[in-house]
Amino acid sequence: MFNARSKILKKDDEKTELEEEIAKILYDYEMQLKDDSAVKKDIVKIFISSVEEFTVHERNGHQSKAYLIKIPYKSLKSFRTIRGNVVNQLEKKLNAQVYFVAVRRILSKHVKTPGVNKRPTSRTLTSVHASILEDIVLPSSIVGRQTRVNIDGSLATKIYLDPLDKDKVEDRLDSMSEAYKRATHKKVKFFFAKPTKFQKVLAEMKKKQKQ
């Protein structure tokens, strides 16, 4: 019988209480929707691979909690279609910020795959981490990046987001950094790129529409 636990792609004895809580919220939301709803047609295809709760140390000195939810790659297309609905529902119930990333397989360049002469670019470590970064910054988009090598040899990476999305994700920059670190063990910091003249005009138009 299909129930909330069926949305977790693990054996029953491996499922955690946190994963079951998230799955129940998704399942309850799914049951509230009409059968012919476009949202329901996509949410039934969304499953959970794992859930991790983490602490965010914000720049203002405060601390908050957030969640990193991993879903199978096959669920990604459906999730992106209704991302806003799903994230809003979870964040309202959990009172915390939520991030979804798809599980992608990384292939070593030293591993030989039968019938494949060359490793697909999408399966490289660099490509997979770039895709995870794109998952995390949604609904914004990346417009630039800068990497510097520190004296101790460590890398300092700055990711620049579309300035037109400032209202959407300004309060999520610190949690996005921590979510990416949890998913890839790499540190990045998020900033907004300097708006172009055209973007400034668009921003002014948006302000006037809100007034």
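Taking the criterion of being more than 16 Å from Y99 (Cα to Cα), open to solvent by 70 Å² or more (accessible area, probe 1.4 Å) and either in contact with a strand residue (DSSP E or B) (Cβ under 6 Å, 6 or more places away or on another chain) or in a helix (DSSP H, G or I) (or both), the residues of the stretch 161-188 that qualify are K166, D167. Each residue in the stretch 91-104 was checked for being buried (at least 20 other Cβ atoms within 10 Å of the Cβ) and more than 12 Å from the chain's Cα centre (by Cα), and 0 pass.
Whether any residue in the stretch 80-87 is free of Cβ contacts under 8 Å to residues at least 12 places away in the same chain and charged (D, E, K, R) is what I want to check.
Residues of the stretch 80-87 that are free of Cβ contacts under 8 Å to residues at least 12 places away in the same chain, as a first pass: none.
No, that holds for no residue.
Only a single item in (1) farther than 25 Å from V188 by Cβ; (2) free of Cβ contacts under 8 Å to residues at least 40 places away in the same chain is not met by N60, and it is number (1).
Residues in the stretch 143-160 that are surrounded by 12 or more Cβ atoms within 10 Å (Cβ to Cβ) and either closer than 25 Å to E53 by Cα or modelled with pLDDT under 90 (or both): A156, T157, K158, I159.
If the condition is being under 24 Å from R123 (Cβ atoms) and within 13 Å of the chain's Cα centre (by Cα), then the stretch 52-74 contributes E52, L68, I69, K70, I71, P72, Y73. Hey, does the stretch 127-146 have a residue that's in contact with an Asp or Glu (Cβ under 8 Å, 6 or more places away or on another chain) and among the polar types (S, T, N, Q)? Checked against the condition, which is being in contact with an Asp or Glu (Cβ under 8 Å, 6 or more places away or on another chain) and among the polar types (S, T, N, Q), the stretch 127-146 yields at least one hit.
Any residue in the stretch 29-41 that is open to solvent by 90 Å² or more (accessible area, probe 1.4 Å), modelled with pLDDT under 95 and within 29 Å of R105 (Cβ to Cβ)? So far as the stretch 29-41 goes, yes, one or more of its residues are open to solvent by 90 Å² or more (accessible area, probe 1.4 Å), modelled with pLDDT under 95 and within 29 Å of R105 (Cβ to Cβ).
Among the residues of this structure, K194 counts as one that is part of a loop (DSSP other than H, G, I, E, B) and either open to solvent by 100 Å² or more (accessible area, probe 1.4 Å) or under 20 Å from V101 (Cβ atoms) (or both).
Based on this model, can you work out whether L107 counts as part of a loop (DSSP other than H, G, I, E, B), open to solvent by less than 50 Å² (accessible area, probe 1.4 Å), more than 24 Å from S64 (Cβ to Cβ) and among the aliphatic types (A, V, I, L, M)? Spelling it out, L107 is indeed part of a loop (DSSP other than H, G, I, E, B), open to solvent by less than 50 Å² (accessible area, probe 1.4 Å), more than 24 Å from S64 (Cβ to Cβ) and among the aliphatic types (A, V, I, L, M). Of everything in the stretch 66-82 that is out of contact with any strand residue (DSSP E or B) (no Cβ under 6 Å at 6 or more places or on another chain) and open to solvent by 40 Å² or more (accessible area, probe 1.4 Å), the residue that is farthest from E134 (Cα to Cα) is K74.
The values are calculated or read from the model by the stated rules, or taken from the named source; none is laboratory data. Treat the numbers as computed from the prediction; the structure is a model and nothing was measured. Counting neighbours? That spans all protein chains shown, and the Cβs are built from the backbone with ideal geometry, glycine included. The protein model used for the area step is the full one, side chains on, heavy atoms only, and it has no ligands, DNA or RNA in it. Shrake-Rupley method; radii C 1.70, N 1.55, O 1.52, S 1.80 Å.
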